[in-house]
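What follows is a set of notes on a single structure, which appears directly below.
The values are calculated or read from the model by the stated rules, or taken from the named source; none is laboratory data. Everything numeric here is computed off the predicted structure, so don't read it as measured data. Counting neighbours? That spans all protein chains shown, and the Cβs are built from the backbone with ideal geometry, glycine included. These area figures cover heavy atoms from the full protein model, side chains too; ligands, DNA and RNA do not enter into them. Shrake-Rupley method; radii C 1.70, N 1.55, O 1.52, S 1.80 Å.
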Amino acid sequence: METITGKTSQAIQDETLLIRRILDGHTELFRQLAGRYAGQVLRMVASLIPSQEEAEEVTQDALLEAFQSLARFDARQASFQTWLMRIAYYTALKHYRQHHKTITVVEVEQQRLDTFPDDETDALLDDTDRVELMERAIEKLKPDDQMLLNLYYFDNRPMREIACITEREESYLHSRLQWIRKRLAITIKSLESEES
């Protein structure tokens, strides 16, 4: 039987045993455990923090936080991988807010979001000729919205896992993603009109 993270129950049991050994004093084993997910953590952090050196530093901060908090890990609430990704998510957001300039968020009136056609949103976001505009539009999103896009569209994580990582309800995340897609489409149109 596989879980939402694609692991077999045997793999989960092995991981649980490894965590117990770490908590029993074999702290050197944490490197092995964290090494399984360090690449995923770095990718998620780097989606928000583009400097490789800085992203690596934040990844190390997240892994250290996980090590120091390991006794509070509860396998009944989330897999270790999801728990670690939650720590990395909040570590990256905290770092970004403390060390990066404020994003110039494009304000969009709620009425425009509500009335912007879904088919136009899809057409704008699926157009490969607008990749550069899409990247610029994503940079104008709030950091947590950027990370939500990354988790769902680029990491292909199930919504249930994203809800656990972000500590949000799935229904909220679904509607938030729809809102973000429309906001991106409107921003792309705005950027296009500025350039013409």
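Would you check if ALA92 is assigned to a helix (DSSP H, G or I), surrounded by 14 or more Cβ atoms within 10 Å (Cβ to Cβ) and touching a residue at least 24 places away in the same chain (Cβ under 8 Å)? For ALA92, the condition - assigned to a helix (DSSP H, G or I), surrounded by 14 or more Cβ atoms within 10 Å (Cβ to Cβ) and touching a residue at least 24 places away in the same chain (Cβ under 8 Å) - is met. Restricting to region 154-181, name every residue that is assigned to a helix (DSSP H, G or I), under 20 Å from ASP126 (Cα atoms) and among the charged types (D, E, K, R). Of everything in region 154-181, those that are assigned to a helix (DSSP H, G or I), under 20 Å from ASP126 (Cα atoms) and among the charged types (D, E, K, R) turn out to be ARG176, ARG181.
Can you pull out every residue in region 50-89 that is in a loop (DSSP other than H, G, I, E, B), among the hydroxyl-bearing types (Ser, Thr, Tyr) and surrounded by fewer than 15 Cβ atoms within 10 Å (Cβ to Cβ)?
Step one: list which residues in region 50-89 are in a loop (DSSP other than H, G, I, E, B), which gives 50-51, 73-79.
Filter once more, so that each one left must be among the hydroxyl-bearing types (Ser, Thr, Tyr): 51, 79.
The one that is in a loop (DSSP other than H, G, I, E, B), among the hydroxyl-bearing types (Ser, Thr, Tyr) and surrounded by fewer than 15 Cβ atoms within 10 Å (Cβ to Cβ): SER51.
Of the residues LEU133, LEU151, LEU184, the single one that is part of a helix (DSSP H, G or I) and under 11 Å from the mean Cα position of the chain (by Cα) is LEU151.
Looking at LEU184, LEU141, can you tell me which residue is at pLDDT below 90, of a type in the set (A, V, I, L, M) and under 21 Å from ARG43 (Cβ atoms)?
Numbers: LEU184 fails: at pLDDT below 90.
From the options LEU184, LEU141, the qualifying one is LEU141.
Scanning region 126-183 for residues that are among the hydroxyl-bearing types (Ser, Thr, Tyr) and free of Cβ contacts under 8 Å to residues at least 12 places away in the same chain, we see that the one that is most open to solvent (accessible area, probe 1.4 Å) is THR128. Does GLU195 qualify as being of a type in the set (D, E, K, R), open to solvent by 90 Å² or more (accessible area, probe 1.4 Å), farther than 27 Å from ASP129 by Cβ and over 13 Å from the mean Cα position of the chain (by Cα)? Answer is no for this residue. Scanning region 1-49 for residues that are open to solvent by less than 70 Å² (accessible area, probe 1.4 Å), modelled with pLDDT under 90 and assigned to a loop (DSSP other than H, G, I, E, B) returns THR3, ILE4, THR5, GLY6, LYS7.
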